[in-house]
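Bear in mind these aren't lab numbers, they're just calculated from the coordinates by the rules spelled out. Bear in mind that the values here come from a model prediction, so they are computed numbers and not experimental data. Positions of Cβ are backbone-derived with ideal geometry, glycine not excepted, and every protein chain shown enters the neighbour counts.
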Amino acid sequence: MLNLLMIFIMFMIGNVIFVFKHKHLLIMLLSLEFIVLSIYLIMMFYLSFIAFDMYLLMVFLVFSVCEGALGISILVSMIRSHGNDYFQSFSLL
């Protein structure tokens, strides 16, 4: 039970960082990966508690790796075109 409480605290800390550090893309991507890690741990504990197969976790990991690679590619293209990762210097025009 203590493990689930710690994982829930991890999830909440990741959300707080995501909300309050919304000016930098890199920090937002790191907090998203932290949230994905906590969701993975919650799913692992839940699936092992009900004695279910862990194939769903492999699919979740594949999608989280794709999300991370897509975020890194957006970060690299934004830094190459604008010189930094601030959202204030990014214009949609």
Mean residue ellipticity at 222 nm from the helices of the chain, using -39,500 (n - 2.57) per DSSP H segment of n ≥ 4 over the full residue count, to the nearest 500 deg cm²/dmol?
-> -27500 deg cm²/dmol
Cα-based helix-to-principal-axis angle, 55-82 vs the chain, degrees rounded to 10 = 10 degrees
How much length, in nm to one decimal, is gained on full extension between Phe60 and Leu2, taken as 0.36 nm per residue of separation minus their Cα-Cα distance?
-> 18.5 nm
Exposed-site-free run, longest, the chain (rule: chymotrypsin sites (Phe, Trp or Tyr not before Pro); DSSP loop; at most 14 other C-beta within 10 Å) = 1-51
Full-extension gain in nm, Asn84 to Phe45, via 0.36 nm per residue minus C-alpha separation | 10.1 nm
Tilt of helix 25-49 relative to the longest C-alpha principal axis of the chain, in degrees (0 to 90, nearest 10)?
-> 10 degrees
Relative contact order of the chain, defined on C-alpha pairs under 8 angstrom at six or more residues apart (%) = 30 percent
Exposure proxy check on Asp53, Asp85: fewest-to-most Cβ neighbours within 10 Å is Asp53, Asp85
Using only alpha carbon positions, build the gyration tensor of the chain, then give the equivalent ellipsoid semi-axes as the square roots of 5 times its eigenvalues, largest first, whole angstrom.
-> 32, 16, 7
